[in-house]
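Chemist: Have a look at the structure that comes next, please.
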Amino acid sequence: MDIKPIFKTLIRNPVGLVLIATQVALTLAIIVNSLFIINQRLDNISVKSGIDEDNTLMISFSSLSDSYNMENAIANDLAFLKSLPGVNSAMATNSLPLSNSGWSSGVSSQSDYKGVEIGSAFYFADETLVDTLGVDLIAGRSFRSEEISYYYLSDELEPPVCIVSADLALTLFPDLNNPEEVVGKKIWYGGVENPKFAEVIGVINDIKAPWRGWSEPIFNRVIYVPHKPIFGKFSRYVVRAENGQLDNLVKNIQTELSNFDDQRVIRPPRPFSDIREVFVRNDKGMATTLTIVIVLLLLINALGIIGLVSFWVTQRTKQIGTRRALGATKFDILTYFLTENLIITCIGVIIGSILAMALNNWLVTAFSLSKLPMSYLLGSALLLILMGMIAVCAPAMRAMNVQPAVATRSV
Amino acid sequence: MLKMNGLSKVYRTHLVETHALREFSITVDEGEFVAVTGPSGSGKTTFLNIAGLLEEHTEGSYQLDGIELTGLSDRKRSALRNEKLGFIFQGFNLIPDLNLFDNVDVPLRYRGFSAKERKQRIETSLEQVGLASRMKHFPSELSGGQQQRVAIARALAGEPKLLLADEPTGNLDSNMARGVMELLESINANGTTIIMVTHDPELAARTRRNVHVIDGQVTDLRTVFNNDNVERTAETA
Ligand SMILES: Nc1ncnc2c1ncn2[C@@H]1O[C@H](COP(=O)(O)OP(=O)(O)OP(=O)(O)O)[C@@H](O)[C@H]1O
Ligand SMILES: [Mg+2]
């Protein structure tokens, strides 16, 4: 194609070139970074909690009087829940992955906390841990019923044994490569003044903490302790339904528990889908907003190209007729405008790529985002070039159909 | 060279039909210089456009250089325009954003010549019109007469068999017009057939053959008529 004369013409009339190239450049810079952020958010949204999400619900209660026997209530409730049709398993706990509230504390592989102190989430569980949550136990064993005790808020937390997430295990013991080898090791907690340890008896794969954690990556670091928690007059259960029975259970469980023992207030149950929904709400909002921004920018970009090229075609009608008279085929005229547009978009894309990287650099330092992969830049550049070509088609076809007679007829 | 037989051209809009040409027959031989005259709206430009393949005729037959032109594809017509025809317009029709060199280059690129051949042809034809020294100038930096010379150079660069000019001097003062006319005459002397529409009886009188178009029909005035008679015929029509 004859790029040289087209390029010369553009250089002589740089206003349109500068206008559209700038627009393309800015669009590219914003789109690339938006796409990148969207993708990170989508990763966040699709996070796996590590438990059987589809069949899990959480339900809490508070007793009405101080003399209410919480231990009996928990024991009876759990027996009752397990006897309900549609219930697979149930246990008392403090929190679930992604629930945005829970406990955390620093732990270490050494009593003097030399080496490192690692932040970790603490969950409570009983001997039904694997059945109730559907977690993936990859080494060691689960709790035994004789290891389980009640835990009151006023107590020191002193679990003799614990089950840890594989990520925590390998962070605490970086020299070990196999989770199997962590079983039997001691994990220290309670601080330097009052060091206590729990022996690791099992390792769980891919379980998440209640929150992501900003300064340190607590999200994959989890410890299960063998307790049924009693927080004053309050406790909570996690219930795993049989496949397909969760909706039914969510509908009835509050009434069933109230009827079973009316000396306390049963809160409405929360299916795990609710917990996840709240957890990913911000990410979803951000991804949606940015998607809308991208679509709008692409549209504005396309409209800008359509507008300018339409103007050019009108302005150059006589020139197009003359070119046709001098021997240009319709195809020659079409490719002229496509090439011209391609040149402009490519200049915009090159400037935009530089801008995009600068913008990303700034985002990296200002908001500690990660570095932009090249594939995003290439993908967005191609997307913009493609959009530009589609946008230019309508005015270019109008140019193609300018009659050669225009050369002699128009003034 | 050019042979039209019983040609007609009808412009149809949703309101009216204009018969711009009817029963139009003419033969132009190789090497002729034909001046086409006639009142405004009589169909001169229409004739030239059809002759130059810029428009299609409605009825009749048209042969150019031995090729029957009825029903040719657009691509084929474009190629014929490019190879066999040269155009000169009243308004010069140079491309304002290209310098003289690139303006003359336009039809040569469509022809697919090599860069070397194009350069040589551009230089030769610009020399022929006396503007070789201003190759890098832009049209806006030239006088009207000079611009028309560039347009002639552009038409000549492809070595056309037939040169078509629609009032080539219409926008020029009489001095510049004479210069352009002399250039056309020398081109004709080199063997190129020329058909030129003009309103200027003085210029028309300089050609060997005058064709008078009235109301879409042709009255061929070979050189038997002198200038005055041409005028009279036009008035009585
Ligand atoms: N595209 C068109 N649509 C409809 N009618 C047209 C069109 N082009 C030309 N005509 C009509 O055809 C007739 C011949 O026009 P043409 O331009 O050939 O005249 P002309 O002899 O060149 O006139 P002038 O000396 O003013 O240039 C006129 O009546 C004109 O109005
Ligand atoms: Mg005319």
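The values are calculated or read from the model by the stated rules, or taken from the named source; none is laboratory data. All values derive from a computational prediction rather than experimental measurement. Note that each Cβ is placed from the backbone with ideal geometry, even for glycine, and that neighbours are counted across all protein chains shown. These accessible areas exclude ligands, DNA and RNA; they are computed on the full protein's heavy atoms, side chains included. Shrake-Rupley method; radii C 1.70, N 1.55, O 1.52, S 1.80 Å.
Chemist: In the stretch B:1-45, which residues are among the aliphatic types (A, V, I, L, M), open to solvent by less than 70 Å² (accessible area, probe 1.4 Å) and part of a loop (DSSP other than H, G, I, E, B)?
Modeler: The answer is B:Met1, and nothing else.
Chemist: Quick one: which of A:Asn301, A:Asn248, A:Asn282 is more than 14 Å from chain B (Cβ to nearest Cβ) and without any contact (Cβ under 8 Å) to a residue 60 or more places away in the chain?
Modeler: It is A:Asn282.
Chemist: Name every residue in the stretch B:92-127 that is within 11 Å of chain A (Cβ to nearest Cβ) and hydroxyl-bearing (Ser, Thr, Tyr), in order of residue number.
Modeler: Matches in the stretch B:92-127: B:Tyr110 only.
Chemist: Determine whether A:Phe61 is outside any helix (DSSP H, G or I), under 25 Å from A:Phe231 (Cα atoms) and in the same structural domain as A:Arg212 (by TED's automatic domain parsing).
Modeler: yes
Chemist: Let me spell it out: the conditions are (1) open to solvent by less than 50 Å² (accessible area, probe 1.4 Å); (2) more than 12 Å from chain A (Cβ to nearest Cβ); (3) assigned to a loop (DSSP other than H, G, I, E, B); (4) under 19 Å from B:Glu182 (Cα atoms), and B:Leu72 meets all of them except one. Which number is the exception?
Modeler: In the conditions (1) open to solvent by less than 50 Å² (accessible area, probe 1.4 Å); (2) more than 12 Å from chain A (Cβ to nearest Cβ); (3) assigned to a loop (DSSP other than H, G, I, E, B); (4) under 19 Å from B:Glu182 (Cα atoms), B:Leu72 misses (4) alone.
Chemist: Moving to a separate point now. Restricting to the stretch B:54-69, give me the number of residues that are more than 10 Å from chain A (Cβ to nearest Cβ) and open to solvent by less than 50 Å² (accessible area, probe 1.4 Å).
Modeler: 7
Chemist: Here are A:Ile163, A:Ile223, A:Ile148, A:Ile187: which of them is surrounded by 15 or more Cβ atoms within 10 Å (Cβ to Cβ) and farther than 16 Å from A:Leu129 by Cβ?
Modeler: Values: A:Ile163 fails: farther than 16 Å from A:Leu129 by Cβ; A:Ile223 fails: farther than 16 Å from A:Leu129 by Cβ; A:Ile148 fails: farther than 16 Å from A:Leu129 by Cβ.
From the options A:Ile163, A:Ile223, A:Ile148, A:Ile187, the qualifying one is A:Ile187.
Chemist: Next up: So B:Thr18 clears everything in (1) within 16 Å of ligand 2 (Cβ to nearest atom); (2) among the β-branched types (Val, Ile, Thr); (3) within 26 Å of B:Glu185 (Cβ to Cβ) except one condition, right? Which one?
Modeler: Among (1) within 16 Å of ligand 2 (Cβ to nearest atom); (2) among the β-branched types (Val, Ile, Thr); (3) within 26 Å of B:Glu185 (Cβ to Cβ), B:Thr18 violates only (3).
Chemist: Are there any pairs, at least 6 apart or on different chains, whose C-beta atoms fall under 6 Å, with the first in the stretch B:12-26 and of a type in the set (Lys, Arg) and the second surrounded by 14 or more Cβ atoms within 10 Å (Cβ to Cβ) and assigned to a strand (DSSP E or B), and if so, which?
Modeler: So the pair list comes out as B:Arg22/B:Ser8.
Chemist: Could you tell me which residue of the stretch A:382-400 is nearest to the other protein chains (Cβ to nearest Cβ), considering only residues that are open to solvent by 80 Å² or more (accessible area, probe 1.4 Å) and touching a residue at least 60 places away in the same chain (Cβ under 8 Å)? It would help to see each step written out before you state the result.
Modeler: Taking the stretch A:382-400 as the starting set, the residues that turn out to be open to solvent by 80 Å² or more (accessible area, probe 1.4 Å) are A:382, A:386, A:390, A:397-398.
Retained after the next criterion (residues that are touching a residue at least 60 places away in the same chain (Cβ under 8 Å)): A:390, A:397-398.
Numbers: A:Ile390: 25, A:Met397: 14, A:Arg398: 16 Å.
Filtering the stretch A:382-400 for residues that are open to solvent by 80 Å² or more (accessible area, probe 1.4 Å) and touching a residue at least 60 places away in the same chain (Cβ under 8 Å), the one nearest to the other protein chains (Cβ to nearest Cβ) comes out as A:Met397.
Chemist: Follow-up question, since we're still on this one. Could you say which residue among A:Gly202, A:Gly285 is assigned by TED's automatic domain parsing to the domain that holds A:Glu71 and either in contact with a strand residue (DSSP E or B) (Cβ under 9 Å, 6 or more places away or on another chain) or farther than 30 Å from A:Gly106 by Cβ (or both)?
Modeler: A:Gly202
Chemist: When you scan the stretch A:205-237, how many residues do you find that are in contact with a strand residue (DSSP E or B) (Cβ under 6 Å, 6 or more places away or on another chain) and among the acidic types (Asp, Glu)?
Modeler: The number of residues fulfilling the criteria is 1.
Chemist: Still on this structure: So which residues in the stretch A:136-189 are outside any strand (DSSP E or B) and in contact with a Gly (Cβ under 7 Å, 6 or more places away or on another chain)?
Modeler: So the first thing to find is which residues in the stretch A:136-189 are outside any strand (DSSP E or B), and the list is A:141-148, A:153-160, A:166-185.
If the condition is that a residue be outside any strand (DSSP E or B) and in contact with a Gly (Cβ under 7 Å, 6 or more places away or on another chain), then A:Arg141, A:Ser142, A:Leu153, A:Val183 are the ones that fit.
Chemist: Can you tell me how many residues within the stretch B:41-92 are within 11 Å of ligand 1 (Cβ to nearest atom) and free of Cβ contacts under 8 Å to residues at least 12 places away in the same chain?
Modeler: Result for the stretch B:41-92: 2.
Chemist: Considering only residues of the stretch B:75-85 that are more than 7 Å from chain A (Cβ to nearest Cβ) and touching a Lys or Arg at 6+ places or on another chain (Cβ under 8 Å), which is least open to solvent (accessible area, probe 1.4 Å)?
Modeler: Residue satisfying both the conditions and the ranking: B:Leu85.
Chemist: Further, regarding this structure: Looking at B:Val197, B:Val218, B:Val213 in this structure, which one is modelled with pLDDT under 90 and crowded, with 18+ Cβ neighbours inside 10 Å?
Modeler: Numbers: B:Val197 fails: modelled with pLDDT under 90; B:Val213 fails: modelled with pLDDT under 90.
The match here is B:Val218.
Chemist: Please enumerate the residues belonging to the stretch B:174-207 that are away from ligand 1 (no atom under 14 Å from the Cβ), aliphatic (A, V, I, L, M) and either touching a strand residue (DSSP E or B) at 6+ places or on another chain (Cβ under 7 Å) or in contact (Cβ under 8 Å) with a residue 24 or more places away in the chain (or both).
Modeler: Those that are away from ligand 1 (no atom under 14 Å from the Cβ), aliphatic (A, V, I, L, M) and either touching a strand residue (DSSP E or B) at 6+ places or on another chain (Cβ under 7 Å) or in contact (Cβ under 8 Å) with a residue 24 or more places away in the chain (or both): B:Met176, B:Ala177, B:Val180, B:Met181, B:Leu183, B:Leu184, B:Ile187, B:Ile194, B:Leu203, B:Ala205.
Chemist: Moving on to the next point. Only one of (1) in contact (Cβ under 8 Å) with a residue 24 or more places away in the chain; (2) among the hydroxyl-bearing types (Ser, Thr, Tyr); (3) within 14 Å of another protein chain (Cβ to nearest Cβ) fails for A:Ser353. Which number is that?
Modeler: (3)
Chemist: Answer yes or no as to whether B:Arg149 is basic (Lys, Arg) and within 12 Å of another protein chain (Cβ to nearest Cβ). Before the answer, list the steps.
Modeler: Numbers: basic (Lys, Arg): yes; within 12 Å of another protein chain (Cβ to nearest Cβ): no.
No; evaluated as a whole, the condition is false for this residue.
Chemist: A:Ala79 - would you say it is among the aliphatic types (A, V, I, L, M), under 18 Å from A:Arg264 (Cβ atoms) and open to solvent by 10 Å² or more (accessible area, probe 1.4 Å)?
Modeler: It is true that A:Ala79 is among the aliphatic types (A, V, I, L, M), under 18 Å from A:Arg264 (Cβ atoms) and open to solvent by 10 Å² or more (accessible area, probe 1.4 Å).
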